[in-house]
């Protein structure tokens, strides 16, 4: 990894927690992602909690994909194999492009922490309307693994040889990105 000495471009990131039981008060994973993105110098665009329902997930993420001031979306929860885990099913049809390596790398990093249980994670990532979307399991540990091992660098404009910041800020109406 190479980090250049140029200043980082902060981006606007929305956080979606997918859960049938969590509330703002009990949403530790959403709070973890918000803290991590803010510590990295980014701005929280919006935060929402929706039931594990394909249409509620799609509605929330679709509104952020359409908003040119939202550059990235972090989704936590709903990536397992139970009947209620529908996050990948909701997100995949929205993607213009799938980021295949995200799920592969996440499971590789996660294997060091939780062993073979990592195969039960259906994490996915993709790009839709120049918005990058990362989904991860609903545990705080998984959120930290995803952010610290992958997402943080890919949303850091100084990370070389490549990152997603130039792509996601290309369509922004914010003059700081021009």
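No value in this document is a laboratory result; all are computed from the given coordinates. These figures come from a predicted structure and were not determined experimentally. Please note: Cβ atoms are built from the backbone with ideal geometry, for glycine as well, and neighbour counts cover all protein chains shown.
With the stretch 82-149 as the region, which helices (runs of 4 or more DSSP H) entirely inside it contain at least 1 residues that are in contact with a strand residue (DSSP E or B) (Cβ under 7 Å, 6 or more places away or on another chain) and within 15 Å of residue 32 (Cβ to Cβ)? Walk me through it before giving the result.
Values: elements: 87-91, 100-114, 140-146.
Answer list for the stretch 82-149: 140-146.
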Taking the condition of being within 12 Å of the chain's Cα centre (by Cα) and either part of a helix (DSSP H, G or I) or surrounded by fewer than 19 Cβ atoms within 10 Å (Cβ to Cβ) (or both), how many residues in the stretch 65-81 meet it? 0
If you scan the stretch 27-41, which residues turn out to be in contact (Cβ under 8 Å) with a residue 12 or more places away in the chain and either within 13 Å of the chain's Cα centre (by Cα) or over 18 Å from residue 8 (Cα atoms) (or both)? 27, 28, 29, 30, 32, 33, 34, 36, 37
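Quick one: in the stretch 39-52, of everything that is in a loop (DSSP other than H, G, I, E, B) and touching a helix residue (DSSP H, G or I) at 6+ places or on another chain (Cβ under 8 Å), which residue is surrounded by the fewest Cβ atoms within 10 Å (Cβ to Cβ)?
In the first step, residues of the stretch 39-52 are kept if they are in a loop (DSSP other than H, G, I, E, B); the result is 40-42, 51-52.
Cutting the leftovers down to touching a helix residue (DSSP H, G or I) at 6+ places or on another chain (Cβ under 8 Å) gives us 40, 52.
Numbers: 40: 17, 52: 21.
Checking each candidate, the answer is 40.
Just one of 141, 126, 149 is under 23 Å from residue 59 (Cβ atoms) and in contact with a helix residue (DSSP H, G or I) (Cβ under 9 Å, 6 or more places away or on another chain); which is it? Please lay out each step first, then the result.
Details: 141 fails: under 23 Å from residue 59 (Cβ atoms); 149 fails: under 23 Å from residue 59 (Cβ atoms).
From the options 141, 126, 149, the qualifying one is 126.
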